[in-house]
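S.K.: Quick one: the structure is below, and I'll ask about it shortly.
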Amino acid sequence: MKKITAKALAQAAGGVLAHEGNEPVAEHISLDSRKMAGNDLFVPIIGERADGHDYICMAIGNGATVVFTSRHKTEEEVQEAILTQCKGDKEKETAAKAAAWICVPDTRKALQDFGAYCRRNNPIPLVGITGSVGKTSTKEMIASVLSEKYRVLKTAGNFNNEIGLPLTIFRLSEEDEVAVLEMGISDFNEMHRLGAIAKPDICVITNIGLCHLENLGSRDGILKAKTEIFEHLNGTGTVILNGEDDKLSTVENVNGKAPVFYGKSEKNQCGKENCIYATEIRNLGLDGMKAVFHFPECTKEVEIPIPGEHNVLNALAGACVGMELGLDVEQICAGIKKAQTIGGRTNLIHANDMLIIDDCYNANPVSMRASIDVLTQAKGRMIAVLGDMGELGADEKRLHYEVGAYAASRGLDALFCCGELSKELAKGAEEHSETMEIFYFATKEELLLHLKSYLKKGDTILVKASHFMEFPDIVRSLQASVQ
């Protein structure tokens with residue numbers, strides 16, 4: 001981010017200087033007191049296990065020059081904190097007194113307010129992407145397309161929530177020409193807060209699926225929560241929607257403007273015209289997909305280097321955004337062809353004549369089915385390693401059972417399950433298959449022990465579960481054992 005004085009920062013974040021320091025400036029931001037780049041703004045977050053306020057002086061000692069604080073309201077309280085946290089370390093005490101301490105009502109809210117300030121001061125085109133499934137893959141596809149013409153800033157990793165989004169916006173530089181930001185929520189009003197920070201010029205919604213039902217209740221609730229973003233579109237911003245989705249295809253207009261739809265047919269479920277649609281879809285197995293894209297002015301065969309038919313829809317979304325931002329058809333197709341996955345998102349890992357499909361970034365019933373479909377393109381034995389899916393509400397057991405039944409219907413060779421809810425997943429598979437080998441384990445350690453002895457050369461292994469299951473541990477262990 002651009003250098004900013006402590007006084008300007010206090011004003012931008014809605015705070016007051018509880019301790020002015022020596023007129024410092026900030027040009028980086030950090031939430032980790034151990035990791036500073038120099039001239040940092042340190043934002044102490046109050047978490048379940050720790051309170052960042054306890055580490056303010058450590059952050060200053062490591063290079064922070066400005067800090068937010070909601071614990072210390074006055075100069076006297078700041079001085080007391082300095083004496084307590086520095087514990088006689090004169091060098092650290094001197095640095096703490098030279099830093100600016102900005103008092104804010106809530107450090108998370110101050111982070112968001114400062115993010116909104118930075119966005120207002122970087123009015124480049126911003127693409128906001130949300131949806132139940134496919135946000136990250138679609139973000140990568142859109143960024144790949146737009147990179148054919150622009151310098152693009154995109155969300156890194158899972159920085160898509162009320163902390164991650166402003167941190168991404170802080171990364172904007174004068175060289176960036178377009179921002180492509182993922183926006184993830186799990187409850188009502190979260191999208192209002194994210195939208196107020198990002199103020200997108202283009203909004204893409206991938207689908208309305210079965211996730212976060214614990215808070216949002218139903219797909220109608222999910223639609224309502226996701227479309228909160230519409231109220232924060234910049235001016236006459238454009239909304240791009242998946243016309244294949246029965247909920248999204250009912251959207252008539254947004255702020256008086258018709259949405260742009262994309263899909264796998266000329267008309268979507270409500271009979272509206274899709275701006276760009278795909279025909280002659282060909283599955284190339286784990287090498288990806290091919291399809292003929294029908295643009296308003298021409299048709300063009302497009303190569304999609306990522307497996308799974310759902311990636312045709314992601315590519316169509318990228319094409320629609322590219323058209324909105326002035327790319328020609330050749331640039332759009334070139335960008336789609338160069339698209340890549342990231343770790344945990346249909347990431348194909350070749351190891352000792354085996355193939356690991358690392359898709360364990362997160363999971364819900366829709367993405368589970370899509371990943372199972374990708375696994376069925378394998379040439380050798382097809383082995384699914386599946387774990388619990390979170391935030392599914394009252395129907396969580398039934399939804400796990402149905403995924404197990406779906407895995408059985410797709411002719412997989414083996415299913416390894418782990419997690420309390422995955423007992424239902426295994427049950428669903430057992431009751432719908434007479435040939436698939438099905439294993440259930442209470443812990444990942446037990447699963448790995450049996451899985452490693454089961455595997456042989458030529459196998460393809462899908463690994464997928466929700467975040468809290470920490471299935472990347474399984475991917476890393478498999479990689480290490482077959483090198």
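The values are calculated or read from the model by the stated rules, or taken from the named source; none is laboratory data. Keep in mind it's a predicted model, so treat the numbers as computed, not measured. All Cβ positions, glycine included, derive from the backbone under ideal geometry; neighbour counts span all protein chains shown. These area figures cover heavy atoms from the full protein model, side chains too; ligands, DNA and RNA do not enter into them. Shrake-Rupley method; radii C 1.70, N 1.55, O 1.52, S 1.80 Å.
S.K.: If I stretch the segment between ILE163 and THR84 completely, what's the gain in nm (0.36 nm per residue apart, minus their alpha carbon distance), one decimal? Working shown, then result.
M.R.: Working: separation 79, 0.36 × 79 = 28.44 nm, distance 2.83 nm.
Here the segment from ILE163 to THR84 would lengthen by 25.6 nm.
S.K.: Which FRET efficiency value, to the nearest 0.05, is calculated for PHE188 and LYS379 with the Förster distance at 30 angstrom and r the Cβ-Cβ distance?
M.R.: On the way: r = 45 Å, r/R0 = 1.51.
Once rounded, the FRET efficiency stands at 0.10.
S.K.: In addition: Can you work out the accessible area per residue across the chain, with the rest of the protein chains kept in place, probe 1.4 Å, in square angstrom? Before the final figure, lay out each step's value.
M.R.: Numbers: 20300 Å² over 483 residues.
I get 42 Å² per residue for the chain.
S.K.: Residue separation times 0.36 nm, minus the C-alpha to C-alpha distance between ASP413 and LYS338: what's the value?
M.R.: Details: separation 75, 0.36 × 75 = 27.00 nm, distance 3.24 nm.
My answer for the length gained is 23.8 nm.
S.K.: Just to confirm the number: angle between the C-alpha axis of helix 135-146 and the first principal axis of the chain, 0 to 90 degrees, nearest 10?
M.R.: Approximately 80 degrees, to the nearest 10.
S.K.: What lysines could a cross-link reach from LYS109, if we take a straight Cα to Cα line under 26 Å and drop same-chain neighbours fewer than 8 places away?
M.R.: Once the sequence-local lysines are set aside, what remains near LYS109 is LYS2, LYS3, LYS7, LYS35, LYS73, LYS97, LYS135, LYS139, LYS154, LYS199, LYS224, LYS226.
S.K.: Is region 1-86 best put as rounded, prolate or oblate by its Cα gyration tensor, with a ≥ b ≥ c the root eigenvalues, rounded for a/c under 1.5, and otherwise prolate when a/b is larger than b/c, oblate when not?
M.R.: rounded
S.K.: Ok, one more. Among the lysines, which have Cα under 19 Å from the Cα of LYS444 when same-chain residues fewer than 8 positions away are ignored?
M.R.: Those lysines meeting the cut-off are LYS423, LYS427, LYS452, LYS464.
S.K.: Okay, moving on. How large is ³J(HN,Hα) for each residue in region 276-282, as worked out from phi by the Karplus curve 6.51 cos²θ - 1.76 cosθ + 1.60 (θ = phi - 60°), to whole Hz, x for Gly and Pro?
M.R.: Residue by residue, region 276-282 yields 10, 9, 10, 10, 6, 6, 10 Hz.
S.K.: If you don't mind, another one. Rounded to the nearest Å, what's the spacing between the alpha carbon centres of region 414-483 and region 203-228? Just the number, please.
M.R.: 29 Å
S.K.: Using a 1.4 angstrom probe on the protein heavy atoms only, line up PHE159, PHE188, PHE441 by accessible area, largest first. Show your work: numbers first, answer last.
M.R.: Working: PHE159 90, PHE188 70, PHE441 20 Å².
From most accessible down to least: PHE159, PHE188, PHE441.
S.K.: Using the Karplus curve 6.51 cos²θ - 1.76 cosθ + 1.60 with θ = phi - 60°, what ³J(HN,Hα) values do you get for each residue of region 302-309, in whole Hz, with x for Gly and Pro?
M.R.: Working through the residues one at a time gives 10, 9, 10, x, 10, x, x, 5 Hz.
S.K.: Another question, then. May I ask you to evaluate 6.51 cos²θ - 1.76 cosθ + 1.60, the Karplus curve with θ = phi - 60°, for each residue of region 113-129 and list the ³J(HN,Hα) values in order in whole Hz, giving x for glycine and proline?
M.R.: Couplings: 5, 5, x, 4, 4, 5, 5, 4, 8, 9, x, 7, x, 10, 9, x, 10 Hz.
S.K.: Given 37 °C and 0.692 mPa s, compute D for region 37-131 with the Stokes-Einstein relation, Rh being the Kirkwood radius over Cα pairs; round to the nearest whole µm²/s. List each step's numbers first, then the result.
M.R.: On the way: Rh = 14.6 Å.
My calculation gives 225 µm²/s for D.
S.K.: Under a straight-distance cross-link criterion of Cα-Cα below 15 Å, which aspartates and glutamates are reachable from LYS379, leaving out those fewer than 8 residues away in the same chain?
M.R.: ASP287, ASP353, ASP413, ASP459
S.K.: Under the rule of at least 5 residues apart or a separate chain, name every residue whose amide H is placed under 5 Å from the amide H of ILE240.
M.R.: CYS203, VAL204, ILE205, VAL260
S.K.: Here is a further query. Taking every pair of alpha-carbon atoms in the chain, what share in percent sits in each 20 Å bin, from 0 to the bin with the longest distance?
M.R.: 23, 48, 27, 2
S.K.: Can you send over the carbon and sulfur percentage of the accessible area for the chain, probe radius 1.4 Å, protein chains only? Could you put the intermediate results ahead of the total?
M.R.: Numbers: 9560 of 20300 Å².
Carbon plus sulfur share of accessible area: 47 percent.
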